[in-house]
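The values are calculated or read from the model by the stated rules, or taken from the named source; none is laboratory data. Quick caveat: nothing in here was measured; it's all calculated off a predicted structure. Heads up, the Cβs are rebuilt from the backbone with ideal geometry, glycines too, and the neighbour counts pull from every protein chain shown. Only protein heavy atoms, including side chains, enter the accessible area calculation; ligands, DNA and RNA are left aside. Shrake-Rupley method; radii C 1.70, N 1.55, O 1.52, S 1.80 Å.
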Amino acid sequence: MKKSFFRIVVFLLILIHGQALAQLPVVSKAVETRLYKGAAEEIAQFIGERQAESQQIAAVIEESLKQNQDEKEKAQLAGALEFFQGLSSQFVRLESELGRTFEPAIRPTAIGAPPYGLEELEGRIALLRSIEQQLAEQQTKNTLVQEKLTNLETDLKGLLADYGVLQKSTELKPVAFEKLGQIYSLQVEYALQERRGSMRQQSIDYYSKADLQVAGQVKNIFENLQLDQKDVERTAEAKKAAIHREEAEVIALNQESRGIEKNITTDEVRFDNLTTRISSAMLEPSAKKLLATEKERLAAVIETYQLKLRVIGQEKLNLKIQVLVAEFSCDWVASYAGAPGAKRISVLLGDLARRLDDLEGLKNSQQRNLSQAQVERSALIQKMAVISRESDPAGGQLSTALDVLNRQLMKADELIGVLSLKISENNNAVRELAEEIRHISGLLRARAGFYERVQLWCERYLASVWGQLKDVVYYPLFTFGGASVTLVAIFKLLFLLFVGFAALRLARRKITVLLSGKTGLSFGAINSITTLGYYSALVLMVLVVLSTSGVDLSQLSIILGALGVGIGFGLQTIANNFISGLVLLSERSIKAGDFVELETGLTGEVQNVAIRATIIRTFDGNEIIVPNSELVSSRVNTWTFSDDWRRIVVPFGVSYGSDPDEVARLATEAARAVENTVEDAAHPVLVRFEGFGDSSLDFSLLAWCRMNTLKIRAGLLSDYYFVLFRKFKEAGIEIPFPQRDLHLRSISPAAAKIMRYEKGVSE
């Protein structure tokens, strides 16, 4: 009542003592703190003053609108009036926000005296999860509010700078009223957001304290928790019931899945048959369109069945999560109560850490599934929109088929909604289970003794280091002889070779000393024997080490034997191609994906560079096998050696009456209209005036394309000529045919007379 009375008094004073605005009001700062800071009466007084001032300015703007005839200024005045008239509702929202007080949605209560039961612990943990969820939501919303405040302050500073320039002008400009209205509106919005941010901060402070309070209560309950055999038996029974329920329902879900898979198989056969029928050239266009619509409907039916299978998969996952929840409760209760056969706390903590890792992976997988479902739903909505546009209101078979297809797509859309909901529910269940495991793990870790905690830390650290080390040393680097080569295999091979070399060298010295002392052989003979034996043993040792390391010696021996015999019996050509293949593979001067032109005129794309030969696919679809020796010993023109840019030269001519500049412009547009044309600053489209031909002005169109991204790799010139012809025909530019002047040295008198007569008539 006091606020309303004060506003009325302020408004009357302004109307009585004020006069028509001779100049714009001064705005000294971008953010007006008096709208939200200070005592309640002071804020209300300032809001009343601002509201009365806004109403007076609105009245002046309305009067100016009636008198002004300039359309642009009238539009600016109308925009300004809209801002000032909208301030009333903004002030109402601000007053409502200022009068609102923080009321927490969750109020934690005190706990009773110990001892405590399992139900009380579970209730407090659920309360703690709710408080943490509320705290996270309020923190997220507060972050958004702070971002809005920053953006509003930036906008206000810019508007204030513009308004300051306009305010100094001697005349009242409509744009100045518009800027002032924007400033007043954004100042109220800033105050509103500031107030909401203050409320959010109060909420954050409250829930932070509540979180600490309830966390302390949970810890106190856990330390004074009293579990008996009944609690252990109850959690064990709940675990058995969850497992039995999962087994029973999974059997029913599997049976349903098999029925759906049979339907999918049947519809896929029908889909293939329709595809074959549509490819037939005997069908009329209308019949083909109808069959194509039916094909899309079958595809939608198959997609619907697949979505049902995914929904069933989420239902199975939900049953699995329920089992995981029951197993977790059973395990930690049994361990806490010290039931016979229960896991030690250190072992249980390690098991819970592994479960958390699994749940984190499951949560990430579910998030990907949810994103995929959202993408599929967007694509489905777009498809339904296209079908709605294609539908004919007049009816007909095609229109009916499109309606049936649209209804099928709507079913698929409903199933995607069901799938997304189940994915979200399972994701929330996984998140809640992970949070509960973290809470219980922390409490169990605090309950465990010092030595158990140290043992657990050491086990987890060593397991983590060992797991990382195993991932590194057993990572398959490459395959050789059908076996994967890892760092372990390499270290093993190097170690065995080192030991073998050292043993053979030691044996060689011992044998030399023995033969020198026991036999009368000369030093040369002994050296020959020991050297021959050393290298023979060395070869044998290498073969044994390779076999021990997992190398298939049979393949190695076959390759070496065949190679030696082949070269010996005159397979020099194969050896030449083999070595040439090694050169090509090592130098990579020619590689798969390159476009090459050989000296023989063969042009095409390199499909594969093998050991003996290289396969080149021509633009006509022929696959040519070229021996590697030809590529090494002959010249090869490669279009994609350093890069895949290729310039296409398109010669053409136009009639002498054509404007060369217009021809160049049209040719440039034609080049850019071709899909394969790629243009940048370094590769522009050019048109050259080549000269004056016998019958035409000769030009050349130079356009660039990327060979590795061509949609059509043959008939490039044809594409450009098609577009050039259409462009020139639309512009009325002629493409001339050859013309010749005929000079007659003699003519019959009758023909000459006729020609003279026709000439005289024409004159």
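Give me the pairs: first residue in segment 93-107 and more than 13 Å from Gln193 (Cα to Cα) and hydrophobic (A, V, I, L, M, F, W, C), second residue at pLDDT 85 or above and open to solvent by less than 60 Å² (accessible area, probe 1.4 Å), beta-carbon distance under 6 Å, and six or more apart or on different chains, which are they? Between residues of segment 93-107 that are more than 13 Å from Gln193 (Cα to Cα) and hydrophobic (A, V, I, L, M, F, W, C) and residues that are at pLDDT 85 or above and open to solvent by less than 60 Å² (accessible area, probe 1.4 Å), the close pairs are Phe102/Met199; Ile106/Ser130; Ile106/Ile131.
So which of Glu268, Glu284, Glu256, Glu246 ends up being out of contact with any Phe, Trp or Tyr (no Cβ under 8 Å at 6 or more places or on another chain) and under 25 Å from Ser441 (Cβ atoms)? Steps first, answer last, please.
Numbers: Glu268 fails: under 25 Å from Ser441 (Cβ atoms); Glu284 fails: under 25 Å from Ser441 (Cβ atoms); Glu256 fails: under 25 Å from Ser441 (Cβ atoms).
Just one listed residue meets the conditions, Glu246.
Where residues in segment 49-78 are of a type outside the set (A, V, I, L, M, F, W, C), more than 30 Å from Ser198 (Cα to Cα) and modelled with pLDDT of 85 or more, which of them is most open to solvent (accessible area, probe 1.4 Å)?
First, the residues of segment 49-78 that are of a type outside the set (A, V, I, L, M, F, W, C): 49-51, 53-56, 62-64, 66-74, 76.
Applying the additional criterion that residues be more than 30 Å from Ser198 (Cα to Cα) yields 56, 62-64, 66-74, 76.
If we keep only those that are modelled with pLDDT of 85 or more as well, we get 56, 62.
Working: Gln56: 39, Glu62: 79 Å².
Looking at the filtered set, the residue picked out is Glu62.
Residue-level check: of (1) of a type in the set (Gly, Ala, Ser); (2) over 51 Å from the mean Cα position of the chain (by Cα); (3) open to solvent by 40 Å² or more (accessible area, probe 1.4 Å), Ser130 misses just (2). Checked against the criterion of being closer than 25 Å to Ser424 by Cα and either surrounded by fewer than 14 Cβ atoms within 10 Å (Cβ to Cβ) or without any contact (Cβ under 8 Å) to a residue 40 or more places away in the chain (or both), the candidates Asn254, Asn318 yield just one match: Asn254.
Annotation: of all residues in segment 366-379 being closer than 10 Å to Asn427 by Cα and open to solvent by less than 40 Å² (accessible area, probe 1.4 Å), the one that is nearest to the chain's Cα centre (by Cα) is Leu370.
Residue-wise test of (1) open to solvent by less than 70 Å² (accessible area, probe 1.4 Å); (2) of a type in the set (Gly, Ala, Ser); (3) at pLDDT 80 or above.
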{"position": "Val609", "(1), (2), (3)": "yes, no, no"}
{"position": "Arg617", "(1), (2), (3)": "no, no, yes"}
{"position": "Asn628", "(1), (2), (3)": "yes, no, no"}
{"position": "Tyr656", "(1), (2), (3)": "no, no, yes"}
{"position": "Arg665", "(1), (2), (3)": "no, no, yes"}
{"position": "Leu697", "(1), (2), (3)": "yes, no, yes"}
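Among the conditions (1) modelled with pLDDT of 65 or more; (2) open to solvent by 80 Å² or more (accessible area, probe 1.4 Å); (3) aromatic (Phe, Trp, Tyr), Phe523 misses just one, which is (1). Checked against the criterion of being small (Gly, Ala, Ser) and open to solvent by 60 Å² or more (accessible area, probe 1.4 Å), the candidates Ala248, Ala210, Ala238 yield just one match: Ala248.
Within the set Leu121, Leu135, the sole residue that is in contact (Cβ under 8 Å) with a residue 24 or more places away in the chain, open to solvent by less than 20 Å² (accessible area, probe 1.4 Å), in a helix (DSSP H, G or I) and touching a Phe, Trp or Tyr at 6+ places or on another chain (Cβ under 8 Å) turns out to be Leu121. Residues that are surrounded by fewer than 18 Cβ atoms within 10 Å (Cβ to Cβ), hydrophobic (A, V, I, L, M, F, W, C) and without any contact (Cβ under 8 Å) to a residue 24 or more places away in the chain occur at least once in segment 292-303.
The C-beta contact set for segment 660-681 (first residue in contact (Cβ under 8 Å) with a residue 60 or more places away in the chain, second residue in a strand (DSSP E or B) and surrounded by 20 or more Cβ atoms within 10 Å (Cβ to Cβ), distance under 6 angstrom, 6+ apart or interchain) comprises Val663/Val654; Ala667/Val687; Ala667/Leu701.
Based on this model, can you work out whether Ala731 counts as at pLDDT below 90, open to solvent by less than 40 Å² (accessible area, probe 1.4 Å) and in contact with a helix residue (DSSP H, G or I) (Cβ under 8 Å, 6 or more places away or on another chain)? I'd like the intermediate steps shown before the answer.
Values: at pLDDT below 90: yes; open to solvent by less than 40 Å² (accessible area, probe 1.4 Å): no; in contact with a helix residue (DSSP H, G or I) (Cβ under 8 Å, 6 or more places away or on another chain): yes.
So Ala731 fails the test.
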